[in-house]
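Data first, discussion second: the structure below is written as structure tokens.
All of the numbers you see were taken from the coordinates with simple rules; none came from a lab. Note that the structure is predicted; figures quoted are calculated from it, not measured. Cβ sites come from the backbone with ideal geometry, for glycine too, and all protein chains shown count toward neighbours.
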Amino acid sequence: MSWLGRLVRLDYTVFEELRSNSSATPTAILIVLATGVIAGFGTWLWALQHDNFTGVDVMEVLLKAVVIGSVVQLAVWFAWVYITYMLAARVFGSVVRFGELTRGLGFAFAPVAVAVLVASRRAVGGWPPPRALRGCCGGSRRWQCRSAWWRSE
């Protein structure tokens, strides 16, 4: 885990070391899974604080946000690594090994754990957004809401 400590200190030379160290692959995958759990936990905590989630089964939200969300995130991450590998190897003609890419992108995924801060409205600067933006998510009113929001402030 000294690799993570070096990344926290913004020592990016760790990526060159990880590239050649095949024993770091399980650690990289574990980082992605742990990050998904932490982000899911932040989502669950946010849902507990949100006004629209009163009366919702807390354990159901926990299961969906933490357990299912982290497993789905891991699967999507693997798909992302594979697509990146295929693009680099076949489209751009780069010489890249799948294991090296997995290790690098796994450790690069660690900052996603900061998503646990979504649980605190104060930590993310007053999220959710102002009331003027809440109804602006679709339909022909989208541009009207945005223009009204810009004029009101």
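Odds and ends about this structure:
- Taken over the alpha carbons of the stretch 47-110 as equal point scatterers, the Debye sum produces base-10 log I(q)/I(0) values at 0.14, 0.21, 0.25, 0.27 Å⁻¹ of -0.58, -0.84, -1.01, -1.09.
- Each peptide in 7-17, 67-77 gets a packing score, the mean of other Cβ atoms within 10 Å over its residues, and the list from highest to lowest is 67-77, 7-17.
- FRET efficiency, 1/(1 + (r/R0)^6) with R0 30 Å, evaluated for A34 and M59 via beta carbons: 0.90
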